[in-house]
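Worksheet for the structure shown next.
The values are calculated or read from the model by the stated rules, or taken from the named source; none is laboratory data. Since we're looking at a predicted model, the values are computed, not measured. As a convention, Cβ positions derive from the backbone with ideal geometry for all residues, glycine included, and neighbour counts pool all protein chains shown. To get the accessible areas, we keep the full protein, side chains included, count just its heavy atoms, and leave off ligands, DNA and RNA. Shrake-Rupley method; radii C 1.70, N 1.55, O 1.52, S 1.80 Å.
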Amino acid sequence: MRVRSLAPESGLVRAPVSRRGLLTGAFGLAVAGVWGAGARADAAARRAGPVIFDCAAWGARPPSEDVVVLAQRPRRIIVHHTATANTEDYSQKRAFALARAIQNYHMDMQGWIDTGQHFTVSRGAFITEGRHHSLAELSAGRRQVRAAHCVGQNDVSVGIENEGTYTGVEPPARQYEALVSLCAHVCGSYAIPPSEIHGHRDFNSTQCPGDRLYALLPKLREDVALRLGVQQWPAAEEPTERHPWPGPPEYLPPDFLTRELGRWTPRG
C-alpha cells in the first residue's frame, strides 16, 4: 500500500495574517501599477518567457489523481536544489531523465500524486515543467497549481528545483542565468515582487537550497528586478516559524536518476 505524506502535498498548514503578509499584498499592488502603462509594451515578451519543456516533452507519467488548480495567483517563489551530483553532463537527455527520476521518487516513495515542484532547472540550463498544468497556468497568469515542495507554502508559492548540490559551490553560470529568466517570467506573469523570492529553508527545517545558492538569493532578486525593469522592493520580513519536513527524505536517491539515465529515450 502506498503511504502518502499529507503535509507537503496538501499545503494545509495555515499561518495568521502578519505584517509580512500585508506588505506582500502592498507589493503586489505596487507591482501591478509599475507593470501597467510603463511595461505594457514588453508584456508579450514577458509572457513568452524562456523555453520550458512541458511534461509531455520529457515523458512524464500521468498524475495518480487530478491535479488541483487553485483560483488565486501565487504570492512568492521558493528556490530549491535537488542535492544530486554536480555533474558536467549538461545535456537535454540528462535534464529529462532528472525530471522523470524526480517524478518517480515523489510518486513511488513520497506517495504524492505527481512531481512536487512546479519547475526544474538543470545544470545545463534546460527548464522542465514539474507538476502537470504548471506551465499552462503560468502562461495564463491567473491561477496556480497546488504543489508539494514546501510545507505550509504549497497553496501560495511556485517551487523551482535547481539540479545540483550547492552547499559548497555555486551553480554554473548558465544554470543561474536560466533561473533568472524563469523567475523573471514567473514574477512578470503573476505580478510577484522580486523581493518575494525565497529559499526553501526560509519556511522548512532544511539546508535546501544549500548555503551557496541561498547566499545568491539577494543577487537573484536584483537580477530579476533588472530583467523586468522594475525598482527594487524592500526586503520581505523573515519567516518566524519553520515547519519540519515529514515522511521520507525530500531528495531522491542516486539510483533513481541512474536508472532513468539508462533507459530514457526521446518520444518521437
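Values for this structure:
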{"quantity": "Of all residues in the range 54-99 being in contact with a Phe, Trp or Tyr (Cβ under 6 Å, 6 or more places away or on another chain) and in a helix (DSSP H, G or I), the one that is surrounded by the fewest Cβ atoms within 10 Å (Cβ to Cβ)", "calculated": "Q92"}
{"quantity": "In the range 132-177, the residues that are open to solvent by 10 Å² or more (accessible area, probe 1.4 Å), small (G, A, S) and in contact with a Phe, Trp or Tyr (Cβ under 9 Å, 6 or more places away or on another chain)", "calculated": "G152"}
{"quantity": "First in the range 211-225 and free of Cβ contacts under 8 Å to residues at least 40 places away in the same chain, second anywhere and β-branched (V, I, T) and crowded, with 16+ Cβ neighbours inside 10 Å, Cβ under 6 Å, 6 or more apart", "calculated": "R221/I197"}
{"quantity": "Whichever residue in the range 100-131 is charged (D, E, K, R) and farther than 22 Å from T167 by Cα and, among such residues, is surrounded by the fewest Cβ atoms within 10 Å (Cβ to Cβ)", "calculated": "D108"}
{"quantity": "Residues that are modelled with pLDDT of 65 or more and open to solvent by 80 Å² or more (accessible area, probe 1.4 Å), drawn from the range 233-254", "calculated": "E241, R242, P244, P249, P254"}
{"quantity": "Which listed residue is in contact with a Pro (Cβ under 7 Å, 6 or more places away or on another chain), hydroxyl-bearing (S, T, Y) and modelled with pLDDT of 95 or more, from Y166, Y176", "calculated": "Y166"}
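Residue-wise test of (1) in contact with a strand residue (DSSP E or B) (Cβ under 6 Å, 6 or more places away or on another chain); (2) farther than 15 Å from L252 by Cβ.
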position: A97; (1), (2): no, no
position: R100; (1), (2): no, no
position: D108; (1), (2): no, no
position: G111; (1), (2): no, no
position: G116; (1), (2): no, no
position: V121; (1), (2): yes, yes
position: T128; (1), (2): yes, no
position: A136; (1), (2): no, yes
